[in-house]
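Quick notes on the structure that follows.
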Amino acid sequence: VYQMQSLDVDSSASVIVRGATEIRIATELDTDNRARLMLDPAASGLKPSDVVVYVGGADTSCGHDGRDAESGDGGSAAVVHIGENNIVQANIYAPRGTVRIKSKTVATGAFIGEHVRIGQNVTLRLDSAFK
């Protein structure tokens with residue numbers, strides 16, 4: 001289990017998970033263009049449903065730009081910003097805010113929030129840890 005105030009993944013950066021993991025974020029999750037939150041390809045048998053990210057913040061405390069540079073969408077406040085052209089392999093749960101997956105992202109897992117916004121040309125695949 002990892003616990004942190006916030007998680008901000010810069011452009012082209014990677015967070016690679018090597019085993020079943022729980023990440024608890026107090027405020028917000030933000031990833032920039034071409035970031036990756038993914039499974040280690042060498043971790044045999046590991047699935048996106050083995051990685052759960054809990055985000056406790058609310059949209060009112062959002063400190064990031066909601067604009068989607070690929071589609072031109074002006075966006076809005078969101079406690080989870082998954083940037084353009086990302087790869088995400090995890091389950092993300094933000095019960096008090098919006099999960100926003102921006103354009104041209106490939107996301108595998110389950111994405112639950114007060115609101116969920118999916119950008120243009122996003123590929124979603126279900127692999128849920130939530131029963």
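The values are calculated or read from the model by the stated rules, or taken from the named source; none is laboratory data. If you're wondering where the values come from, they're calculated on a predicted model, not measured in any experiment. To get the accessible areas, we keep the full protein, side chains included, count just its heavy atoms, and leave off ligands, DNA and RNA. Shrake-Rupley method; radii C 1.70, N 1.55, O 1.52, S 1.80 Å.
Out of every Cα-Cα pair that segment 52-93 contains, those further apart than 17 angstrom amount to 39 percent.
Measuring nothing but protein heavy atoms, the accessible surface of the chain at 1.4 Å probe radius is 46 percent carbon and sulfur. Remark: the Arg125-Ser61 segment gains 20.2 nm on full extension, using 0.36 nm per residue and subtracting the alpha carbon distance.
Across the chain, the relative contact order, built from alpha-carbon pairs under 8 Å that are at least six residues apart, equals 21 percent.
Rg and Dmax over the alpha-carbon atoms of the chain stand at 13.3, 40 Å.
Solvent-free Debye calculation, one equal scatterer per alpha-carbon of segment 79-129: log10 I(q)/I(0) at 0.18 Å⁻¹ equals -0.46.
What's the long-distance tail for segment 22-69, i.e. % of Cα pairs beyond 15 Å? Across segment 22-69, Cα pairs with separations above 15 Å total 60 percent.
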